[in-house]
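K.L.:
I have a structure I would like to understand better, so I am pasting it below and will then ask my questions one at a time.
The values are calculated or read from the model by the stated rules, or taken from the named source; none is laboratory data. Bear in mind the structure is a predicted one, so any value in this text is a computation, not a measurement. Every residue, glycine among them, receives a Cβ derived from its backbone with ideal geometry; neighbour counts consider all protein chains shown. Surface accessibility is based on the protein's heavy atoms, side chains included, excluding ligands, DNA and RNA. Shrake-Rupley method; radii C 1.70, N 1.55, O 1.52, S 1.80 Å.
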Amino acid sequence: MNHIVVEIIGIAATVLILFSMLFKTTTLVGDIRMRVLNLVGSIVFVVYGCLLPAISTAILNGGLVIVNTYHLIMLIREYKSTPKE
């Protein structure tokens, strides 16, 4: 694959992770949004790590995919069980 395309994928992953850190995580909805965006960024980083290949990047972000998925499931369960006004 073209080196420039691979770098664009890496930059996109970086931007997704960076934007995920901008969400206000003092609310349940903010936590969910942050985890979703962080999860997508980690998935893109796994792709980037495999394309380089940079196995340590792929493994680290693969682990973060698992962590973010777990926390996202817990947050969605909490959101569904929270009484709505």
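K.L.:
Check Val36, Val65 and return the single one that is in contact (Cβ under 8 Å) with a residue 24 or more places away in the chain, over 12 Å from Ala13 (Cα atoms) and open to solvent by 40 Å² or more (accessible area, probe 1.4 Å). Walk me through it before giving the result.
P.N.:
Working: Val65 fails: open to solvent by 40 Å² or more (accessible area, probe 1.4 Å).
Unique residue meeting the criteria: Val36.
K.L.:
Okay, next question. Part of a helix (DSSP H, G or I) and surrounded by 13 or more Cβ atoms within 10 Å (Cβ to Cβ): is that true of Val29 in this structure?
P.N.:
Values: part of a helix (DSSP H, G or I): yes; surrounded by 13 or more Cβ atoms within 10 Å (Cβ to Cβ): no.
Taking the combined requirement at face value, the residue does not satisfy it.
K.L.:
State yes or no: is Val46 assigned to a helix (DSSP H, G or I), buried (at least 18 other Cβ atoms within 10 Å of the Cβ) and touching a residue at least 12 places away in the same chain (Cβ under 8 Å)?
P.N.:
Working: assigned to a helix (DSSP H, G or I): yes; buried (at least 18 other Cβ atoms within 10 Å of the Cβ): yes; touching a residue at least 12 places away in the same chain (Cβ under 8 Å): yes.
Yes.
K.L.:
Now a separate question. Kindly indicate whether any position in the stretch 18-25 is part of a helix (DSSP H, G or I), open to solvent by less than 90 Å² (accessible area, probe 1.4 Å) and touching a residue at least 24 places away in the same chain (Cβ under 8 Å).
P.N.:
No, that holds for no residue.
K.L.:
To continue, here is another question. Considering only residues of the stretch 50-62 that are among the small types (Gly, Ala, Ser) and open to solvent by less than 60 Å² (accessible area, probe 1.4 Å), which is nearest to Val40 (Cα to Cα)? Walk me through how you get there before you give the answer.
P.N.:
Keep residues of the stretch 50-62 that are among the small types (Gly, Ala, Ser), which gives 54, 56, 58, 62.
Checking the rest, the ones that are also open to solvent by less than 60 Å² (accessible area, probe 1.4 Å) come to 54, 58, 62.
Values: Ala54: 18, Ala58: 13, Gly62: 11 Å.
Step by step, filter the stretch 50-62, then rank; the result is Gly62.
K.L.:
What pairs come up if the first residue lies in the stretch 68-85 and is in contact (Cβ under 8 Å) with a residue 40 or more places away in the chain, the second is acidic (Asp, Glu), and their beta carbons are under 6 Å apart, counting only those six or more places apart or on different chains?
P.N.:
Listed by first residue and then by second, the contacts come to Leu75/Asp31.
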